[in-house]
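K.L.:
Got a structure here, written out as structure tokens. Questions coming.
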């Protein structure tokens, strides 16, 4: 499982489901299968009723009921890994739960483990002041509000975050923000109350990676305009949404700056690592769900006098999907284990590997499931089209494949040369 450079002689890499997480996994899987999945389609159908960017009474009822049940059962905030709060699960242990959550549209939110909130809560927990924690972290931990992370911009190649240029200028006891952000996931949600914003705060005396900062901005601050919801293959993901926002002379208290000017990259690296791997864990769950649907369809439907499973290369397709899911899961668990060792630099290449592998694998499995379902597979009758759209987006979220491959290659080549790549 190891190249040998990350582990000391005698170290054990435990990737199996621990006795601690096993009963939690059983409860989460049961709740998803019996209580959450049956409500997914009804919840999504409500979006077409009335204002797409508010929650209908039925949607609120579904969410509040599911979240209340999860809280009552103590199935809440699992993402607080290696923390004294909550369960104190390891990242490896959390992976098994996150995979189950990925199988349902409402899975993660039911247990208060949704992106981008988990990453934003980690930022507030690690870097926020007591005032920040009281005002925003506490209600986020209770699932009472939502949040958004604003980094990407329309006019620059944001995969290189040194390009980020939203202006942030100190003016007395305030900072003034000007610029645009897009793909602000969750900013369309009426419950979204706080943005964490990456801004440019240049200083010639600081290094290239100390030219940016992160600042907390209340969503209702004057000067912020929602220009439009960004569509993914024609779908706007209402009422969650991925918004295009404009900031015009937005004034924010100076006390809302996190850590200090020039610390933006430091904060973002601490935030994005867990977020990336959490996406991958859920993608594996989506692939499992798609394979289940594929197998059931292949047995239940007949063509040319035989079950679909016995036609063409379908046996090979099903077998390959199973093997590729297992391979991706093992890589995800190893990346999680590397994170649990506490060395972010050593874990980074492994996170980049799974960030490329998991979405590609899940896309392939989902696409094969679509093919097995025929034309119905791309229709609203099954969740497969929505799953494909979501997983395709993951190949761009938190860094495109090419950027992560670059990081993996640099780490690999570093073993053989002292030259900077």
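K.L.:
In this structure, does residue 334 turn out to be within 19 Å of the chain's Cα centre (by Cα), surrounded by fewer than 17 Cβ atoms within 10 Å (Cβ to Cβ) and either closer than 24 Å to residue 104 by Cα or not assigned by TED's automatic domain parsing to the domain that holds residue 39 (or both)? Steps first, answer last, please.
P.N.:
Values: within 19 Å of the chain's Cα centre (by Cα): yes; surrounded by fewer than 17 Cβ atoms within 10 Å (Cβ to Cβ): no; either closer than 24 Å to residue 104 by Cα or not assigned by TED's automatic domain parsing to the domain that holds residue 39 (or both): yes.
Here the answer is no, as residue 334 does not meet what is asked.
K.L.:
Evaluate the range 121-132: report whether one residue or more is outside any helix (DSSP H, G or I) and free of Cβ contacts under 8 Å to residues at least 24 places away in the same chain. Outline the logic, then answer.
P.N.:
So in the range 121-132, the residues outside any helix (DSSP H, G or I) come out as 128-129.
Cutting the leftovers down to free of Cβ contacts under 8 Å to residues at least 24 places away in the same chain gives us none.
There is no residue in the range 121-132 that is outside any helix (DSSP H, G or I) and free of Cβ contacts under 8 Å to residues at least 24 places away in the same chain.
K.L.:
Considering each of 215, 284 in turn, give the residue that is more than 29 Å from residue 392 (Cβ to Cβ) and not assigned by TED's automatic domain parsing to the domain that holds residue 54.
P.N.:
Values: 284 fails: more than 29 Å from residue 392 (Cβ to Cβ).
None of the other options fit; the residue is 215.
K.L.:
Still on this model: Tell me, please, whether a residue that is touching a residue at least 60 places away in the same chain (Cβ under 8 Å), part of a loop (DSSP other than H, G, I, E, B), out of contact with any strand residue (DSSP E or B) (no Cβ under 9 Å at 6 or more places or on another chain) and under 26 Å from residue 67 (Cα atoms) can be found in the range 148-163.
P.N.:
No: the range 148-163 contains no residue that is touching a residue at least 60 places away in the same chain (Cβ under 8 Å), part of a loop (DSSP other than H, G, I, E, B), out of contact with any strand residue (DSSP E or B) (no Cβ under 9 Å at 6 or more places or on another chain) and under 26 Å from residue 67 (Cα atoms).
K.L.:
Would you pick out the residues in the range 288-313 that are part of a helix (DSSP H, G or I) and over 30 Å from residue 353 (Cβ atoms)? Please lay out each step first, then the result.
P.N.:
Just the residues of the range 288-313 that are part of a helix (DSSP H, G or I), to begin with: 288-300, 308-310.
Listed by number, the residues that qualify are 296, 297, 298, 299, 300, 308, 309, 310.
K.L.:
While we're looking at this one, here's another question. Checking the structure you have, find out if any residue of the range 188-200 is surrounded by fewer than 21 Cβ atoms within 10 Å (Cβ to Cβ), assigned to a loop (DSSP other than H, G, I, E, B) and either without any contact (Cβ under 8 Å) to a residue 24 or more places away in the chain or more than 18 Å from the chain's Cα centre (by Cα) (or both).
P.N.:
Checking the range 188-200: at least one residue is surrounded by fewer than 21 Cβ atoms within 10 Å (Cβ to Cβ), assigned to a loop (DSSP other than H, G, I, E, B) and either without any contact (Cβ under 8 Å) to a residue 24 or more places away in the chain or more than 18 Å from the chain's Cα centre (by Cα) (or both).
K.L.:
If a residue must be touching a helix residue (DSSP H, G or I) at 6+ places or on another chain (Cβ under 6 Å), part of a helix (DSSP H, G or I) and over 17 Å from residue 146 (Cβ atoms), how many such residues does the range 42-94 contain?
P.N.:
Looking only at that region, the number is 4.
K.L.:
Continuing with the same structure: Among the candidates 367, 316, 398, 381, which residue alone is assigned by TED's automatic domain parsing to the domain that holds residue 285, on the phi > 0 side of the Ramachandran plot and not in a strand (DSSP E or B)? Please lay out each step first, then the result.
P.N.:
Values: 367 fails: on the phi > 0 side of the Ramachandran plot; 316 fails: on the phi > 0 side of the Ramachandran plot; 381 fails: on the phi > 0 side of the Ramachandran plot.
Every option except 398 fails the conditions.
K.L.:
I'd like the full set of residues that are buried (at least 21 other Cβ atoms within 10 Å of the Cβ), under 19 Å from residue 153 (Cα atoms) and in contact with a helix residue (DSSP H, G or I) (Cβ under 9 Å, 6 or more places away or on another chain), limited to the range 241-267.
P.N.:
Residues satisfying the conditions are 242, 264.
K.L.:
Run residue 133 past the list (1) modelled with pLDDT of 95 or more; (2) under 14 Å from the mean Cα position of the chain (by Cα) and report the number of the one that doesn't hold.
P.N.:
Here residue 133 clears every test but (2).
K.L.:
Taking the condition of being assigned to a helix (DSSP H, G or I) and either free of Cβ contacts under 8 Å to residues at least 40 places away in the same chain or surrounded by fewer than 17 Cβ atoms within 10 Å (Cβ to Cβ) (or both), how many residues in the range 10-24 meet it? So that I can check it myself, show each step before the final result.
P.N.:
So in the range 10-24, the residues assigned to a helix (DSSP H, G or I) come out as 22-24.
Imposing the further condition that a residue be either free of Cβ contacts under 8 Å to residues at least 40 places away in the same chain or surrounded by fewer than 17 Cβ atoms within 10 Å (Cβ to Cβ) (or both) reduces the set to 22-23.
Counting residues in the range 10-24 that are assigned to a helix (DSSP H, G or I) and either free of Cβ contacts under 8 Å to residues at least 40 places away in the same chain or surrounded by fewer than 17 Cβ atoms within 10 Å (Cβ to Cβ) (or both) gives 2.
K.L.:
Mind counting the residues in the range 269-308 that are farther than 30 Å from residue 346 by Cα and buried (at least 19 other Cβ atoms within 10 Å of the Cβ)? Outline the logic, then answer.
P.N.:
First, pick out the residues of the range 269-308 that are farther than 30 Å from residue 346 by Cα: 289-308.
Retained after the next criterion (residues that are buried (at least 19 other Cβ atoms within 10 Å of the Cβ)): 289-291, 293-294, 297-298, 308.
Residues that pass the stated criteria total 8.
The values are calculated or read from the model by the stated rules, or taken from the named source; none is laboratory data. As the structure is a prediction and not an experimental result, all values here were calculated from the model. All Cβ positions, glycine included, derive from the backbone under ideal geometry; neighbour counts span all protein chains shown.
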